[in-house]
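Encoded as structure tokens, the structure appears first; notes follow it.
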Amino acid sequence: MSTSRITLAYLAAALALVAVAAASLLIGARPIPAAEVWQALVHGGDSANSIVVHSSRVPRTLAGIVVGAAFGVAGALIQAFTRNPLADPGILGVNAGASFAVVLGVLLFNAVTPLGYIWFALAGAVLATVAVYAIGGGVRRKADPVTITLAGVALGALLTGISSGITLTHKEVFDKMRFWGAGSLVNRGFDAIAVGAPLVLLGIVIAVVIGKKLDALALGDEMASSLGTNLSRTRSAAIVAVTLLAGAGTAIAGPIGFIGLMVPHFARALVGANNMRIMTFTVLAAPVLLLFSDILGRVASTGELQVGIVTAFLGAPVLIVLARRPRLAGL
């Protein structure tokens, strides 16, 4: 794959991110002229429009960038270290594990702020990732992509069912979780971003650092070992990165699915199979998809669809297409 094509793909993704971020600032339930949005961004002010821009649209846009990058890179990582092209944090139950832990945190410890429940989300994410990988056979033998996918779907369904049962039988939990549980960027303040962004950044750094080792892992365990790759260390680092990314993303915006499934496939088609390139491209492209979905949710109905619902509508057909491809044995 030519360097010029890869450079063009990166440039297009960066421009798309700038464009969709600008659209996210301009489009909302309250019509605000572009000139006033710009005025509010540059000079601030205490007018009603300035308050809407600073207190709602700016943090919502920043949250979309952070969360999109988190789920996108987490999906690319999971696909790489499980060699499973159908994997993403939602399908493998990582988001469900984080959500379940947050529900328990709200129920048992009244954790209702990002600082209060992010540690529950991280713990749930790591337990779900390790459980799915172990159930799929990754501990005792070569991890099978189909088995891992089935284990993730089963564990995710179980944890989602338990979370729903707790939420529906405890009114106070339902009141606190009903919007967060659908996956939303609404009312995500700077405090939530400040808590999650450093963890997302750390997860991305780890992902990029182990990118070359994941390339070797794609050749098979024996070949990777012969090339000097420490399999357990690489997989452990990948699990840590997925935990940071999926846990922090879920803590900020709730369980948003399919971002980590769709974008890595798109990245692989544009920049090739090099995992480091895939992940760096995904950092730019995944927020584009998430912010675009959020904008669709704002304009698709008289009310507002949560972004997690929109990504499900967009991602389900993609999953069906991928599942019907004849060559889907692994990466």
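Quick note: the coordinates plus some simple rules give every number you see, no bench work behind them. What you see is a predicted model; the values in this text were computed from it and never measured. Ideal geometry is used to build each Cβ from the backbone, glycine not excepted, and the neighbour counts take in all protein chains shown.
Stretched out straight at 0.36 nm per residue, the stretch from THR3 to ALA300 would grow longer than its current Cα-Cα span by 103.0 nm. With contacts taken as Cα pairs under 8 Å at a separation of at least 6 residues, segment 174-331 carries a relative contact order of 30 percent. Based on alpha carbons, the Rg and Dmax found for the chain are 19.6, 65 Å. Take the Cα of LEU108, go 7 Å toward its beta carbon, and the backbone nitrogen atoms of segment 69-102 under 20 Å from that spot belong to 94-102. Short-range pairs are left out: with C-alpha atoms under 8 Å and at least six residues apart, the relative contact order of the chain is 30 percent.
Rounded to the nearest 20 debye, the dipole size of the chain about its Cα centre is 760 debye, using +1 on the Cβ of Lys and Arg and -1 on the Cβ of Asp and Glu.
Could you estimate the translational diffusion coefficient of segment 157-250 from the Stokes-Einstein equation, with Rh from the Kirkwood formula over C-alpha pairs, at 37 °C and 0.692 mPa s, in whole µm²/s? It comes out at roughly 204 µm²/s. Backbone amide hydrogens, once placed in the peptide plane, bring ILE91 within less than 5 Å of PHE258, excluding anything fewer than 5 places away on its chain.
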